[in-house]
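Chemist: Dropping a structure here in structure tokens format, bear with me for questions.
Please treat every number below as a calculation from the coordinates, not as lab data. Small disclaimer: the values here were computed from a predicted structure and weren't measured. Here Cβ is always computed from backbone atoms with ideal geometry, including for glycine, and neighbour counts include all displayed protein chains.
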Amino acid sequence: MISEQLARKIADEAIRASKADETLVLLAGGKSALTRFATNHIHQNVLQKDYFVQVVTAFGKNVGVASSNLFDRGELERIVDVASTVAQRQKEDPLWEPLSGPFRYELPTHVYDEDTMAKAPEAKAEAVRGIIEPCKAAGCTAAGAYTNGDQVVAVANSHGLFAYHAWTSAELTLTVMTPEGSSGWAEGYGNSLEQVDTKALTARALEKAVLARNPVSLEPGKYDVILEPSAAATLLRYLSIVGFGGLAYNEGRSFLSGKLGERLMGENVTIRDDYQSGSIKGLPFDYEGHPRASVTLIERGVAKAVVHSRRTSGAAKTENTGHALPYPSTYGPIPLNLVLEPGTISRDEQISRVKRGLLITRSWYESIVDPKTPSLTGMTRDGTYLIEDGKVVGAVKNLRYNEDLRDLFSRVESLSSETETTSDWGATITTPALHVRDFNVTGSTK
Amino acid sequence: MAQYAIDMAKDLGATYVDVRLIRSRQQSIDVKNGRLEGVTNRYGNGIGIRAYIDGAWGFAGNPDLKLKKVEVAVRRAVLIAKASARVKGEGVRLAPVEPAKGSWASPCAESPFDVPLEEKLDILFRCNELMMGVEGVAIAKATMDFREENKLFVSSEGSVIRQRTVQSGAGTSATTVGASGVQTRSFPYSFRGQFENRGFEHVRRLGLVENAERVAREAVELQTAPQCESGITTVILGGNQLALQIHESCGHPTELDRALGTEINFAGGTFMQPELLGNLKYGSEKVTITYDATIEGALGSYGWDDEGVAGQRFTIIDRGRFVEYQTSRETAPILGVRANGTMRADGWNNLPLIRMATVSLEPGDVSYEDLIAGTDDGLLLMDNRSWSIDDMRVNFQFGTELGWRIKKGKLAGMVKNPTYTGTTTEFWNSCDAVADRASWKVIGIPNCGKGQPSQTARVSHGASFARFRNVKVGVGYDK
């Protein structure tokens, strides 16, 4: 792993080599050991290791960027030169704001676990055997990915800013299939392998797969649904991607544009972005080194805020919340550590309150149909069940839904007291299970 | 270096080893609303080592090519393979292949990396200026993306293959925000434009500036266009919408690794199971779908795959019947079929997976004009906006940027927010006409995701226009 000392050395060399008015250096990467298994055997087992250093040079407001995955002096000088040449040959960026000076950061603790990095391939293989064996014994097949790794992010600039954070992570995603073709899913994440309870996750996926046998077809219509945390997290993630970022807000593309202060969702819905929450802690600063603030996005249904970066906050004349992605980030700032506040009843209690409806394990292959509404389509997957009179009575074939996400969060009947953290595409999402009324099912698979 | 790594791995017990050494560079340029959002240049180097021991694979990569670091990567790959062998199932058997020695390069008349930045920016800013000049446009974007990869593949069987690929892509889009929400029009296609395995000559031919105003006017017109009605109708697909339909409902489901269950945990499986090979009536007789890695300039083309098997052409769907999978040296022997050279990895730091090259709906026998003229009532849909399909590749739903009504054989006005849904075999069996070669194009898709860890492949699809009957449209807007 690149140590803080080495990161500082690399950044200092790059800044020294630059003749720009301002220079920003981002160093990121890590190691990831992914043991992939399917049909009850390990079929792909990889160790990836890569880092990149990105240099941003600003001559006034003329900005250029270059990056490389090599860090020797010659390469650093080369990419500084490339970035500088680009900066000096192109037009001004009117949204460029001066870089910040040094900050103090509130670093999450206990996020680097040496045992997680030291786990040998043989030990991981044996752990995977422990996942496969009960599935085999039940006549089922297991497929999954068991991953451990570390990451480092370091940011420095020519105003003396330096930020460094390293962490380990572990995850298991697991799909169990019965001979009849039904499937069940489980996933677990943490900063250490110890936090990922492979036994419990295996039991969960196996139970779901067996319960998913003999699925029946269901007609399109509106149903009460219990969205388990995996499914709820996906819907929240898409709401966030199109709605909670400062760039979409400033450009009028977000459902929150011009609506801060209005009630847009149910009173029982509070959504925050907080890097200190959940079973995997996030990055305490953004990719320009600004401290990452905890931001309340929706409070008891009322739209409160979006997240901003240096560039979008300047345009919006508001505070930078420290959510910049790596420059130039044409996508804009987005929340990376979402939290949906839990409720007070258990998931089992939620199920018991459904007269006729569905229990949905996860959502799959979602796509934004209309970004301003925002509306989303997707399919259920790996465990979709029918609830009648408060009990799960059987399985249904996977269903297609089309939902207005903002309106969905107005139809939340209850949120469970238990929460789970999922991790997807660099973001963590901590959610309870949701009981949603009138979930719009528009089709199904055969 | 590669041979050193192979010899070392063999000394440590590997019975097969392959090594990829890759050097790459990329440039992305984004211009938006008259501002340069960013010019990013990325450089990458590394070595990826795949080792096969006792019926199992191990893989390790390293960006540092110093000897000691390569040795570390070799030891890791071997260690991982030996660990995998503890839980190996029936073990891997590789289909035999003749070692290959040779080189291949994509056509490149003008390296995009030699074109001055100012020249690229002039084109992009001109497009922006023309688009912003159309009243009602809120966001105008123009982008260029370039990539060059130099790859050396060496295997313990004696293959030594050098390949150089230069890729260029460019596109524009105009977005309006109003009473009809967010409406976007793209050119030549959505997903940052059209991509090919060619140099800058490709960008010069695209007509970005010439089409900028039209694209912007369509984005404005969409704000007041009527909503696409919901119901059952005839649909003609073209452009990158037809490309994406092929991609999702034929390309992916015919990857043999999916059929054998090794992608279940991420992208899923496929309804096109081995017992259906040769028996499934996938589509109508008008539907012939091919795989081709040899089309000059196509984004998905290559000389040899990342197992040293020559890139080739074969038929997947023959006049509606499912006849061949995309296979690899590992999956082919399981079904007793041939390895047809489809394995590709994203860079040096990933191991290869079965990937599409150019998967095409072969042209038919009717002109585009006659296709439209022969449609009494329906919709023409082009340029994808949303896409979704289930984990077995059956139920799908797509949306496009706009649609054109067809009434009595003529285009009769624009509609906004068109969507359509269906199930794969029902849909393709409803295909009753495919336009001819005059309107057939190869469309690049630069962002196909697969695998764990996730990889991106650059693929392409040949498509003209195709007509489908009794399709459900207006999904998601039929409240």
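Chemist: GluC sites (Glu not before Pro) within region A:310-374: which are DSSP loop residues with at most 12 other Cβ atoms inside 10 Å?
Modeler: Those satisfying the criteria are A:Glu319.
Chemist: Right, next: Could you compute how fast region B:164-243 diffuses translationally, taking Rh as the Kirkwood radius over C-alpha pairs and applying Stokes-Einstein at 10 °C with viscosity 1.306 mPa s? Give it in µm² per second.
Modeler: 110
Chemist: Now for a separate question. Rounded to a whole number of µm²/s, how large is the Stokes-Einstein D of region B:299-402 at 4 °C and 1.567 mPa s, given Rh as the Kirkwood radius over C-alpha pairs?
Modeler: Rounded, D is 76 µm²/s.
Chemist: Also: Using the Karplus curve 6.51 cos²θ - 1.76 cosθ + 1.60 with θ = phi - 60°, work out ³J(HN,Hα) for each residue of region A:235-243 in order, rounded to whole Hz, and write x for Gly and Pro.
Modeler: Listing the rounded values in order: 5, 5, 4, 5, 4, 5, 4, 8, x Hz.
Chemist: Note the angle between two axes, namely the Cα long axis of helix A:198-211 and the longest principal axis of the Cα atoms of chain A, as a number of degrees from 0 to 90, rounded to the nearest 10.
Modeler: Tilt relative to chain A: about 40 degrees.
Chemist: Something else: What residues of region B:13-33 lie in the reach of a label at B:Ser111, counting those whose backbone N is under 19 Å from a point 7 Å from the Cα along Cα→Cβ?
Modeler: Answer for this model: B:22-29.
Chemist: Another question about this same structure. What do the square roots of 5 times the Cα gyration tensor eigenvalues come to for region A:180-332, in whole Å, largest first, as semi-axes of the equivalent ellipsoid?
Modeler: Working through the eigenvalues yields semi-axes of 35, 22, 13 Å.
Chemist: Further question: Tell me the label-point distance for the pair A:Lys61, A:Asn214, using the 7 Å Cα-to-Cβ offset, in nm and rounded to one decimal.
Modeler: 7.0
Chemist: So how long is each side of chain A along the principal axes, counting just the alpha-carbon atoms, biggest first, in Å?
Modeler: If we take the Cα atoms of chain A, the spans are 70, 55, 36 Å.
Chemist: Taking 24 Å as the cut-off for C-alpha to C-alpha distance, list the pairs among A:Lys124/A:Lys199; A:Lys119/A:Lys281; B:Lys450/B:Lys472; A:Lys9/A:Lys124; B:Lys88/B:Lys450; B:Lys66/B:Lys88 that go past it. Spell out each step's value before the answer.
Modeler: On the way: A:Lys124/A:Lys199 14 Å; A:Lys119/A:Lys281 21 Å; B:Lys450/B:Lys472 29 Å; A:Lys9/A:Lys124 34 Å; B:Lys88/B:Lys450 22 Å; B:Lys66/B:Lys88 32 Å.
Cα-Cα > 24 Å for B:Lys450/B:Lys472; A:Lys9/A:Lys124; B:Lys66/B:Lys88; rest within.
Chemist: OK, next. Counting only DSSP beta bridges with both residues in the protein assembly as shown, tell me the antiparallel percent, nearest 5.
Modeler: Numbers: 230 of 259 bridges.
Roughly 90 percent of the DSSP beta bridges within the protein assembly as shown come out antiparallel.
Chemist: Something else about it: Which chymotrypsin sites (Phe, Trp or Tyr not before Pro) does region A:22-93 hold that lie in a coil by DSSP with at most 12 other beta carbons within 10 Å?
Modeler: Loop-located and lightly packed - none at all.
Chemist: Using Cα-only point scatterers and the Debye equation, what is log10 of I(q)/I(0) for region A:101-220 at each q in 0.18, 0.19 Å⁻¹, rounded to two decimals?
Modeler: These q points yield log10 I(q)/I(0) values of -0.91, -0.96.
Chemist: Is region B:129-272 rounded, prolate or oblate when judged by the Cα gyration tensor, a ≥ b ≥ c being the square roots of its eigenvalues, rounded requiring a/c under 1.5 and prolate requiring a/b larger than b/c?
Modeler: In terms of gyration-tensor shape, oblate.
Chemist: Using the C-alpha gyration tensor of region A:239-287, what are the square roots of 5 times its eigenvalues, in whole angstrom, with the largest one first?
Modeler: Ellipsoid semi-axes (Å, largest first): 23, 17, 8.
Chemist: Please work out the Cα convex hull volume for region B:340-479 and give it in Å³ per residue.
Modeler: Cα convex hull per residue, to the nearest whole number: 139 Å³.
Chemist: Can you give me the angle between helix B:117-132 and the longest principal axis of chain B, using Cα atoms only, in degrees from 0 to 90, rounded to the nearest 10?
Modeler: Orientation of helix B:117-132: about 30 degrees from the principal axis.
Chemist: Can you give the % of DSSP beta bridges in chain A that are antiparallel, to the nearest 5?
Modeler: DSSP beta bridges in chain A are roughly 90 percent antiparallel.
Chemist: Now for a different question. Shape of chain B from its Cα gyration tensor (a ≥ b ≥ c, root eigenvalues): rounded if a/c is under 1.5, otherwise prolate when a/b > b/c, or oblate?
Modeler: The shape class here is oblate.
Chemist: Go ahead and run the numbers for FRET between B:Tyr4 and A:Arg8, Cβ-Cβ distance against an R0 of 45 Å, rounding to 0.05.
Modeler: Efficiency computed from Cβ-Cβ geometry: 0.85.
Chemist: Which far-off residues, 5 or more places away or on another chain, put their amide H under 5 Å from the one on A:Asn62, with H placed in the peptide plane?
Modeler: A:Asp93
Chemist: Find me the longest stretch of chain B that has none of the exposed GluC sites (Glu not before Pro), where exposed means in a DSSP loop (not H, G, I, E or B) with at most 13 other Cβ atoms within 10 Å.
Modeler: Here the longest segment lacking exposed loop sites spans B:297-479.
Chemist: Which of rounded, prolate or oblate describes the protein assembly as shown when judged by the alpha-carbon gyration tensor and an a/c cut-off of 1.5? Numbers along the way, then the final one.
Modeler: Working: a/c = 1.08, a/b = 1.04, b/c = 1.04.
Rounded, because the longest to shortest axis ratio a/c is under 1.5.
Chemist: Could you give the length gained on full extension between A:Glu126 and A:Lys222, defined as 0.36 nm per residue of separation minus the Cα-Cα distance, in nm? Spell out each step's value before the answer.
Modeler: Details: separation 96, 0.36 × 96 = 34.56 nm, distance 4.53 nm.
Between A:Glu126 and A:Lys222, full extension yields 30.0 nm more.
Chemist: Also, quick follow-up: If one computes the Cα centroid of region A:261-321 and of region B:25-100, what distance in Å separates the two points?
Modeler: 37
Chemist: Please work out, to two decimal places, the log10 of the ratio I(q)/I(0) at q = 0.10, 0.24 Å⁻¹ from a Debye calculation in which every Cα of region A:267-373 carries one identical scatterer.
Modeler: Values returned for q = 0.10, 0.24 Å⁻¹ are -0.41, -1.33.
Chemist: For a label point 7 Å from the Cα of B:Glu213 along Cα→C-beta, name the residues of region B:23-42 whose backbone N is under 17 Å from it.
Modeler: none
Chemist: Run the Debye formula on the Cα coordinates of region B:247-326, all scatterers equal and no solvent, and tell me log10 I(q)/I(0) at q = 0.11 1/Å.
Modeler: -0.31
Chemist: Further question on the same structure: Note down the nm distance, to one decimal, between modelled labels 7 Å out along Cα→Cβ at B:Arg338 and at B:Asp377.
Modeler: 4.9
Chemist: Only loop residues by DSSP count here, and only those with at most 11 other Cβ atoms within 10 Å; note down the chymotrypsin sites (Phe, Trp or Tyr not before Pro) in region A:377-446 that meet that.
Modeler: Answer by residue number: A:Trp425.
Chemist: Also: Please name whichever of A:Thr421, B:Ser454, A:Leu6 sits farthest to the positive end of the charge dipole of the protein assembly as shown, dipole taken about the Cα centre and charges placed at Cβ: Lys and Arg +1, Asp and Glu -1.
Modeler: Looking along the dipole axis, the top candidate is B:Ser454.
Chemist: So, in nm, how far is label B:Ala438 from label B:Glu98 when the simple model puts each one 7 Å beyond its Cα toward the Cβ?
Modeler: 4.2
Chemist: Can you tell me what percent of all Cα-Cα pairs in region A:337-446 are more than 19 Å apart?
Modeler: That fraction is 50 percent.
Chemist: Could you calculate the FRET efficiency of A:Asp389 with B:Ser454 from 1/(1 + (r/R0)^6), where r is the beta carbon distance between them and R0 is 51 Å, rounded to 0.05?
Modeler: Working from the Cβ atoms, E equals 0.75.
Chemist: For region B:66-192, what Kirkwood radius comes out of the mean inverse Cα-Cα distance, in Å? Each step should come with its number before you reach the end.
Modeler: Details: mean 1/r = 0.0499 Å⁻¹.
Evaluated over region B:66-192, this radius sits at 20.0 Å.
Chemist: I've got another one for you. Return the ratio Rg/(2.2 N^0.38 Å) for region B:16-66, where Rg is computed over Cα atoms only.
Modeler: Working: Rg = 18.0 Å, N = 51, 2.2 N^0.38 = 9.8 Å.
Here the answer is 1.84, to two decimals.
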